[in-house]
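See below for the structure under consideration.
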């Protein structure tokens, strides 16, 4: 398949997805509510009950601090 033909196939697929409303979706994350966090603590997924919960809690805290410092122009691909 030539590069021109590949490009035409991809463009037609983009047009099809746009018509279905499945293109250019936002990948923004939704912040956890305090109720959701409390549920994680109650189920033992976060906290100090066991090593896995402690590790999850530390990773969550580390991510929150790191994500606040990450410039909005960076992408995950550039951070890895």
Selected residue [surrounded by fewer than 10 Cβ atoms within 10 Å (Cβ to Cβ) and at pLDDT below 85] from 3, 34: 3
Which members of region 52-75 meet the condition of being over 15 Å from residue 32 (Cβ atoms) and either modelled with pLDDT of 90 or more or touching a helix residue (DSSP H, G or I) at 6+ places or on another chain (Cβ under 8 Å) (or both)? 52, 53, 54, 55, 58, 70
If I filter region 43-51 for residues that are at pLDDT 80 or above, assigned to a helix (DSSP H, G or I) and either surrounded by 10 or more Cβ atoms within 10 Å (Cβ to Cβ) or touching a helix residue (DSSP H, G or I) at 6+ places or on another chain (Cβ under 9 Å) (or both), do I get at least one hit? no
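The values are calculated or read from the model by the stated rules, or taken from the named source; none is laboratory data. These numbers come from a predicted model, not from an experiment. Reconstructed Cβ throughout: ideal geometry from the backbone, glycine too, with neighbour counts over all protein chains shown.
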